[in-house]
Amino acid sequence: MTEYTDYSLLPHNTFRLDVKAARFMEYSSEEELTAFLASGGLTSPYLHIGGGSNLLFLSDYPGLVLHSSVKGVETVAETDERVELRVGSGVVWDDFVAYTVEKGFYGAENLSLIPGEVGASAVQNIGAYGVEVKDLVVSVDAVEAATGKKRRFTREECRYAYRDSIFKKELKGRYFVTYVTYRLSKLPVFHLDYGNVRAELEKDGMEPTLANVRRVIAAIRSNKLPDPKVTGNAGSFFMNPVVSQEQFDRLQTEYSEMPSYRLDGNRVKIPAGWLIERCGWKGKALGPAAVHDRQALVLVNRGGATGRDVLRLADEVARSVKERFGIEISPEVNLIG
């Protein structure tokens, strides 16, 4: 385990904010983490981070920041039809997706190019193009912060919902994820009808193979979303709001072109990016923070922005959407500070 003081978190947040942590510790195994916790080394306040792709630091962090560098992909169960892989929480998520595609395992390819690490995928329930991580998770291994005891959570115990889990609510900060076990198919199963994935495949005359689907999704994302290595951002800043069927019907009388995705029961999901764009924010800036000019769902650091600058922009965007559509949009990113 390595420890630093007055540590810059610039390499650990994709908004590229040069904030500092009073203490920073990185562990490379579950055993290192449990020993550290058993020794009483954990002090408050503390924060556990992954790749920092879903964080907005509003100030320097006055306490301890922990980061997992637990690596490895292990096959723990396999049949002719499926395989279960136990993956270290510090594995880069897209590296894991590339691994599954190379091995011929189906299920994660639609989640290509999502920034972050494996541990955060299970906390955030990341999703894209009709697939969510909860569709793949078998179990999550974690260590209790207060005791250093290991616990395995089943998928049901994780209480997954849209961009949500028990680790973001009831157990927030109480457990540190060390491994995630995913179940993938060895038989061809594709999800091509969300967004324009199928159309892009057909346009280029490509058969739906794992490699082709990954290639198309990576191209779509790269065309719409800025590279955080170049322009600071956290991908989708806002969650897509879910409204009742009745509210959606009322909105459609005025906005017949409003896109939507029907959920179970009496609920309809509306793309937040569409709402933001209709409010005129696409490509607009407030100081050094801006709404991306190709995807209104993304807020960017044009250079020199602070977390407060980004938050001020986000608040103004949300206010505009509320005033025009009567819909509240909420940040998908975690606000720290």
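Residue 320: of a type in the set (Ser, Thr, Tyr), assigned to a loop (DSSP other than H, G, I, E, B) and over 30 Å from residue 48 (Cα atoms), yes or no? Judged against the criteria, residue 320 is not a match. Right, residue 101: closer than 29 Å to residue 190 by Cβ and not in a loop (DSSP other than H, G, I, E, B) or not? Considered against the rule, which asks whether it is closer than 29 Å to residue 190 by Cβ and not in a loop (DSSP other than H, G, I, E, B), residue 101 comes out as yes. Residues that are open to solvent by 10 Å² or more (accessible area, probe 1.4 Å) and more than 19 Å from residue 197 (Cα to Cα) within segment 93-104 comprise 95, 99, 102, 103, 104, listed in sequence order.
With the condition kept exactly as written, say whether any residue in segment 107-122 is β-branched (Val, Ile, Thr) and in a helix (DSSP H, G or I). Yes: segment 107-122 contains one or more residues that are β-branched (Val, Ile, Thr) and in a helix (DSSP H, G or I).
Being modelled with pLDDT under 95 and either within 27 Å of residue 236 (Cα to Cα) or acidic (Asp, Glu) (or both) holds for only one residue in 50, 90, 41, and it is 50. Could you check segment 129-138 and list, in sequence order, the residues that are open to solvent by less than 40 Å² (accessible area, probe 1.4 Å) and under 18 Å from the mean Cα position of the chain (by Cα)? Correct list: 129, 131, 132, 133, 136, 137. Exactly one residue out of 303, 273 is of a type in the set (Gly, Ala, Ser) and over 26 Å from residue 9 (Cβ atoms), and it is 273. Set side by side, the residues 40, 52, 90 differ, and just one is closer than 27 Å to residue 152 by Cβ, open to solvent by 10 Å² or more (accessible area, probe 1.4 Å), part of a loop (DSSP other than H, G, I, E, B) and not acidic (Asp, Glu), which is 40. If you check residue 66 against the conditions, is it under 19 Å from residue 232 (Cβ atoms), at pLDDT 95 or above, open to solvent by less than 40 Å² (accessible area, probe 1.4 Å) and aliphatic (A, V, I, L, M)? No, not satisfied. Which of the residues belonging to segment 296-331 are surrounded by 20 or more Cβ atoms within 10 Å (Cβ to Cβ), of a type outside the set (Val, Ile, Thr) and in contact with a helix residue (DSSP H, G or I) (Cβ under 8 Å, 6 or more places away or on another chain)? Once the filter is applied, which keeps residues that are surrounded by 20 or more Cβ atoms within 10 Å (Cβ to Cβ), of a type outside the set (Val, Ile, Thr) and in contact with a helix residue (DSSP H, G or I) (Cβ under 8 Å, 6 or more places away or on another chain), segment 296-331 yields 296, 297, 299, 301, 325.
In segment 1-60, the residue that is nearest to residue 306 (Cα to Cα) out of those that are in contact (Cβ under 8 Å) with a residue 40 or more places away in the chain and touching an Asp or Glu at 6+ places or on another chain (Cβ under 6 Å) is 19. Filter segment 139-150 for residues that are of a type outside the set (A, V, I, L, M) and crowded, with 19+ Cβ neighbours inside 10 Å; which is nearest to residue 90 (Cα to Cα)? So the residue we want is 141.
The values are calculated or read from the model by the stated rules, or taken from the named source; none is laboratory data. These numbers were taken from a predicted model, which means no experiment stands behind them. Glycine gets a Cβ as well: all are built from the backbone with ideal geometry, and neighbour counts include every protein chain shown. Surface accessibility is based on the protein's heavy atoms, side chains included, excluding ligands, DNA and RNA. Shrake-Rupley method; radii C 1.70, N 1.55, O 1.52, S 1.80 Å.
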